[in-house]
1. Please report the carbon-and-sulfur percent of the accessible area for the stretch 4-136; probe 1.4 Å, protein heavy atoms only, DNA, RNA and ligands left out.
2. Could you tell me how far the Cα centroid of the stretch 66-82 sits from the Cα centroid of the stretch 119-148, in Å?
3. Among rounded, prolate and oblate, which fits the stretch 7-70 when a ≥ b ≥ c are the square roots of the eigenvalues of its C-alpha gyration tensor, a/c under 1.5 means rounded, and a/b larger than b/c means prolate?
4. Hey, in the GNM for the chain with a 10 angstrom Cα cutoff, which one of Thr86, Thr139, Thr63 fluctuates hardest?
5. When N is the residue count of the stretch 74-151, what does its C-alpha Rg come to as a fraction of 2.2 N^0.38 Å?
6. Taking a ≥ b ≥ c as the square roots of the eigenvalues of the Cα gyration tensor of the stretch 100-142, is the shape rounded (a/c under 1.5), prolate (a/b larger than b/c) or oblate?
7. Could you give the size of the charge dipole of the chain about its Cα centre, using +1 on the Cβ of each K and R and -1 on the Cβ of each D and E, expressed in debye and rounded to the nearest 20?
8. Starting from the Cα of Lys96, draw a straight line to each of the aspartates and glutamates and keep only those under 14 Å, dropping any in the same chain fewer than 8 residues away.
Amino acid sequence: MARATGKDHARINLDLWGNDDWLDLSPSAQHLYFVLWTSPQLSYCGTGDWHPGKIASKARGWTPADVELAAEELSHGLFLIIDTDTSEFILRSWMKHDGLWRTPNMAVSMANARADLASRMLRGVVVFEALKIRKREPTSPSWDRDAVAKM
């Protein structure tokens, strides 16, 4: 499930500029990360369809091979996880930094987006990341919602 129509912005955590792992990335890897992060097709749990050719069309001179190379770098640093069997990806820390989980109805949308994934591996990553958030924020009313609790 893609983010709602009319969403005209994306939250980007500015703390990344103090993260040595981020600063060690090449400009190409950082660019790919921002392209994926700001994609209107990104779901409410930070996932999307993995099609390097479509992604490459977002910048003149960018090739699918360039996208794959940048993705490999992001994957090595666990910024990006790709399931090539289902052609899906997740931006691992998107849920934490976007903050949708703070609003109960949006947390339900996050859980529903997880259910839409074909990749069992990526569904597991969503749960793992949600559990990390829950450990930091155990009193959020979002955790009481049925769809979120079942996730």
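The values are calculated or read from the model by the stated rules, or taken from the named source; none is laboratory data. Only a predicted model underlies this, so the values are computations on that prediction, with no experimental measurement involved. Neighbour counts are summed over all protein chains in view; Cβ atoms, including those assigned to glycine, are modelled from backbone coordinates with ideal geometry. Quick note on the areas: whole protein, heavy atoms, side chains included, nothing else; ligands and nucleic acids left out. Shrake-Rupley method; radii C 1.70, N 1.55, O 1.52, S 1.80 Å.
1. Roughly 52 percent of what the probe reaches on the stretch 4-136 is carbon or sulfur.
2. Between the Cα centre of the stretch 119-148 and that of the stretch 66-82, the gap is 24 Å.
3. Because a/c hits 1.5 or more and a/b fails to exceed b/c, the stretch 7-70 counts as oblate.
4. Most flexible of the set in this elastic network: Thr139.
5. In units of the 2.2 N^0.38 Å rule of thumb, it is 1.07.
6. The shape class here is oblate.
7. Using only the charged Cβ atoms, the result is roughly 620 debye.
8. Output for Lys96: Asp15, Glu129, Glu137.
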